[in-house]
Amino acid sequence: PYEGEEAALIECARSTGLTLVPDDQRDPFLLNSYGLGEQIKCALEMGIRHLVVSLGGSATTDGGTGLLQALGYRFFNDQNEELPPNRNILCDIERIDECGVLPELKDCQVIVASDVTNPFYGEQGAAHVYGPQKGATEADVYRLDSGLRKFASVWDSYTGVDLQTIDGA
């Protein structure tokens, strides 16, 4: 599809995969998608502008916030404190800052490969359907779902993109 141009296939399972995290270390509030963002950043730094990102098999339920942090997005809480990239920050996000986002992203075409059609949040969303296999207790699932809902609202306010309408949580 990218005749004459380099493309990269980036697999979420290789950086944030379930198989990389032992069952007893699966904490949905510590694990995030930062490693996937680092893979994307590496491809961009190599000059690659066509990416296919495969989402299956991840150990995370962070709505992609870790990935976004690796690419330069900054997230802040209600005290205007920057949230760290070393944990799941979904439940704390109040504001987004894109000042440090990699400029290469503007020229990048990304195809997201997903074999599911779940919504972003809700009873059929990522937290409820996939959270338990990623170490989430029943209480965790509701907290994660609330965080996904909150992040979706903040993202929509900021970008005009309603994550809930995109199949493949």
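Bear in mind these aren't lab numbers, they're just calculated from the coordinates by the rules spelled out. Quick caveat: nothing in here was measured; it's all calculated off a predicted structure. No Cβ is skipped: glycine too gets one built from the backbone with ideal geometry, and neighbour counts run over all protein chains shown.
Pull up the cross-link candidates among the lysines for LYS41, meaning alpha carbon to alpha carbon under 20 Å and not fewer than 8 places away within one chain. Answer for LYS41, where 20 Å is the Cα cut-off: LYS106, listed by chain and number. Quick check on segment 7-158: take the gyration tensor over C-alpha atoms, sort the square-rooted eigenvalues as a ≥ b ≥ c, and tell me if it's rounded (a/c under 1.5), prolate or oblate. Oblate.
Given their separation in residues at 0.36 nm each and the Cα-Cα distance between them, GLU38 and ILE166 gain 43.7 nm when the chain is fully extended. Other residues with beta-carbon under 15 Å from the beta-carbon of TRP155 carry, at +1 per Lys or Arg and -1 per Asp or Glu, a net charge of -3. Using only helices, what value at 222 nm comes out for the chain when you add -39,500 (n - 2.57) per DSSP H run of length 4 or more and divide by the total residues, to the nearest 500 deg cm²/dmol? Value at 222 nm, helices only, nearest 500: -8500 deg cm²/dmol. Of the residues GLN124, PHE76, ALA59, the one whose Cα sits farthest toward the positive end of the charge dipole of the chain, with +1 on the Cβ of Lys and Arg and -1 on the Cβ of Asp and Glu, is ALA59.
Determine the sum of side-chain charges near LEU55: Lys and Arg each +1, Asp and Glu each -1, restricted to other residues whose C-beta is under 15 angstrom from that of LEU55. Before the final figure, lay out the partial values.
Values: positive: ARG14, LYS134; negative: GLU11, ASP62, ASP115, ASP167.
Around LEU55, the surrounding residues sum to -2.
Coupling constants for segment 63-75 follow from the phi torsions by the Karplus curve (6.51 cos²θ - 1.76 cosθ + 1.60, θ = phi - 60°), and in residue order they are x, x, 5, x, 4, 5, 5, 4, 8, x, 5, 10, 10 Hz; glycine and proline get x. With each label modelled as a point 7 angstrom along the Cα→C-beta vector, the HIS50-CYS91 pair spans 4.3 nm. Near GLU45, once Lys and Arg are set to +1 and Asp and Glu to -1 for all other residues with Cβ below 14 Å from its Cβ, the sum equals -2. When DSSP assigns beta bridges and you keep just the ones with both residues in the chain, what percent turn out antiparallel, to the nearest 5? Roughly 35 percent of the beta bridges in the chain run antiparallel, per DSSP.
The modelled label-to-label distance for the pair SER157/GLN25, using points 7 Å beyond Cα in the direction of Cβ, is 3.7 nm. Here the label points at ASN80 and GLU104, each 7 Å from Cα along the C-beta direction, are separated by 3.3 nm in the simple model.
Evaluate the charge dipole of segment 49-169 about its Cα centre and quote only its size in Debye, nearest 20, assuming +1 on the Cβ of each Lys and Arg and -1 on the Cβ of each Asp and Glu. Kindly include the intermediate steps, with their values, before the conclusion.
Numbers: 9 positive and 18 negative charges, 43 e Å.
Charge dipole, segment 49-169, about its Cα centre: 200 debye, nearest 20.
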